[in-house]
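A.B. asks: Quick one: structure below, then a few questions.
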Amino acid sequence: MTDVTKEQVLETLKTVRGPDLEHDIVALGMVSDVFISDGKVYFSITVPAERARELEPMRLAAERVIKEMPGVRGALVTLTADKKAAAAASAARPAPNPPHGHAGHDHGGHDQQHHGHAPQQQPPRSGKIGVPGIGAIIAVASGKGGVGKSTTAVNLALGLLANGLRVGILDADIYGPSMPRLLKISGRPTQIDGRIINPMENYGLKVMSMGFLVDEETAMIWRGPMVQSALMQMLREVAWGELDVLVVDMPPGTGDAQLTMAQQVPLAGAVIVSTPQDLALIDARKGLNMFRKVEVPVLGIVENMSYFIAPDTGTRYDIFGHGGARKEAERIGVPFLGEVPLTMNIRETSDAGTPLVASDPNGTVAGIYRGIAAKVWQQLGGQAQRPAPAIVFE
């Protein structure tokens, strides 16, 4: 197979007319940085937010010409709406030096709105519609890495499943996807009509992750708009079917992915994962405050690695301290969902791709996760899906 280069992709895209029907989308500076992996081409096209819907045929044209290139096995092309970067396209004049990988890289200091490839056109502050077939979408987040968030997300999803619900899980960590390994899933997802992706599945969970689309060792070097576009496509262009709950495993921190999910998706709530350490709790507060600012209910806090039980003697050790997350939950008035111990089994089953709730469903720790899942579902009970706010960063 002939290797496709960025230069060839950009040259091909010069055949696609921009909104003015006079200049091409490359000359207008509308094309983001191009990423190529395993014969698949990924890029976004920046357009004025108010014209996103009407410019969908342009996105389809760009996707079509790239898919027809020799050596291309597939293409993921999305529209990104960014007010500053779309100014040139809105004016319909060629950019003197087309900036690839432009558009809102510093998410804290720009007036911007990001959308998936065919966003619902809306006035400011109107709500976003949910994903058809999905009853509630919940985010599992942490203020920092290394607190066992992804392991918690997987076992929470399996706990909800064990409690009788239909569940899916979306891996929103573009740079460090972990679901393929945690759920022992390999291979590539199939597509319906070359566009809608069938989710992967194991242990009864429907799963989608960037890890299924690119090789595990591939370094993802996307900037903000590309991340946002990929997230929206993995959420809205996947055949999830009928689900009671979709669990979204967020990347750690409070960056582009979290803001995109809060802005674009009607999240029913967020679960914060922390360890008892004061440092982890400080970071957890950042996550809590972020969700509160974007009007997403915090369903509660999970204290992970809460204590250690020695496998030989059964002696309990509070390695990271104990009870910090419970006290924090009480202090700020959010539910405390439970304490998950640090055990060899959790580490071993996570590494092996056999999560405890699936591999040892009657065990003590599986019972803890099922209890947390029951509390989360109880928090969601009777709540209508909350519309996502339109967020503009000044």
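The values are calculated or read from the model by the stated rules, or taken from the named source; none is laboratory data. A quick note: this is a predicted structure, and the numbers were derived from the prediction, not measured. Note that each Cβ is placed from the backbone with ideal geometry, even for glycine, and that neighbours are counted across all protein chains shown. When the accessible area is computed, the model is the full protein with side chains, heavy atoms only, and any ligands, DNA or RNA have been set aside. Shrake-Rupley method; radii C 1.70, N 1.55, O 1.52, S 1.80 Å.
A.B. asks: Just the number, please: percent antiparallel of the DSSP beta bridges in region 1-79, rounded to the nearest 5.
C.D. replies: Numbers: 5 of 11 bridges.
Looking only at bridges with both residues in region 1-79, the antiparallel portion is about 45 percent.
A.B. asks: All other residues with a Cβ under 10 Å from the Cβ of L183 taken together, and with Lys, Arg as +1 and Asp, Glu as -1, what is their net charge?
C.D. replies: Numbers: positive: R181, K184; negative: D171, E201.
Every neighbour counted, the sum reads 0.
A.B. asks: Count charges around N304 for me, please; just the other residues with Cβ under 9 Å from its Cβ, Lys/Arg as +1, Asp/Glu as -1.
C.D. replies: Counting the neighbours of N304, the net charge comes to -1.
A.B. asks: Kindly report, to the nearest 10 Å², the accessible surface of Y307 as traced by a 1.4 Å probe over protein heavy atoms only.
C.D. replies: Rounded to the nearest 10, the figure is 40 Å².
A.B. asks: Shifting gears a bit: Once you list every other residue whose beta carbon is under 15 Å from the beta carbon of R166, what net charge do they have if Lys and Arg are +1 and Asp and Glu are -1?
C.D. replies: On the way: positive: K206; negative: E201, E242, D244.
Once all neighbours under 15 Å are counted, the net charge is -2.
A.B. asks: Report the gain in length on full extension from Q378 to E22: 0.36 nm times residue separation, minus Cα-Cα distance, nm rounded to one decimal. Numbers along the way, then the final one.
C.D. replies: Working: separation 356, 0.36 × 356 = 128.16 nm, distance 5.60 nm.
Contour length minus Cα-Cα distance gives 122.6 nm.
A.B. asks: Highest first, please rank the peptides 25-32, 327-334 by the mean number of other Cβ atoms sitting within 10 Å of their residues. List each step's numbers first, then the result.
C.D. replies: Values: 25-32: 25.0, 327-334: 15.1.
So the order, starting with the most tightly packed, is 25-32, 327-334.
A.B. asks: OK, next. Quote the convex hull volume per residue of region 138-188, based on C-alpha atoms, as a whole number of Å³. It would help to have the intermediate numbers written out before the result.
C.D. replies: Numbers: hull volume 5.0 nm³, N = 51.
Measuring per residue, one finds 97 Å³ for the Cα hull of region 138-188.
A.B. asks: What figure in square angstrom, to the nearest 10, would you give for the accessible area of S186 with a 1.4 Å probe?
C.D. replies: S186 exposes around 100 Å² with every protein chain in place.
A.B. asks: Return the distance in nm (one decimal) between the two label points of a simple spin-label model at R195 and T315, each offset 7 Å from Cα along Cα→Cβ.
C.D. replies: Roughly 6.4 nm, to one decimal.
A.B. asks: With every protein chain kept in place and ligands, DNA and RNA left out, what is the accessible area per residue of region 300-377? Probe 1.4 Å, answer in Å².
C.D. replies: Details: 3700 Å² over 78 residues.
Averaged over the residues of region 300-377, the accessible area is 47 Å².
A.B. asks: Please find the FRET efficiency linking T5 to E348, where r is the Cβ-Cβ separation and R0 is fixed at 51 Å, and quote it to the nearest 0.05.
C.D. replies: Working: r = 43 Å, r/R0 = 0.85.
That gives a FRET efficiency of 0.75.
A.B. asks: What distance in nm lies between label points placed 7 Å from Cα along the C-beta direction at N163 and E50?
C.D. replies: 4.5
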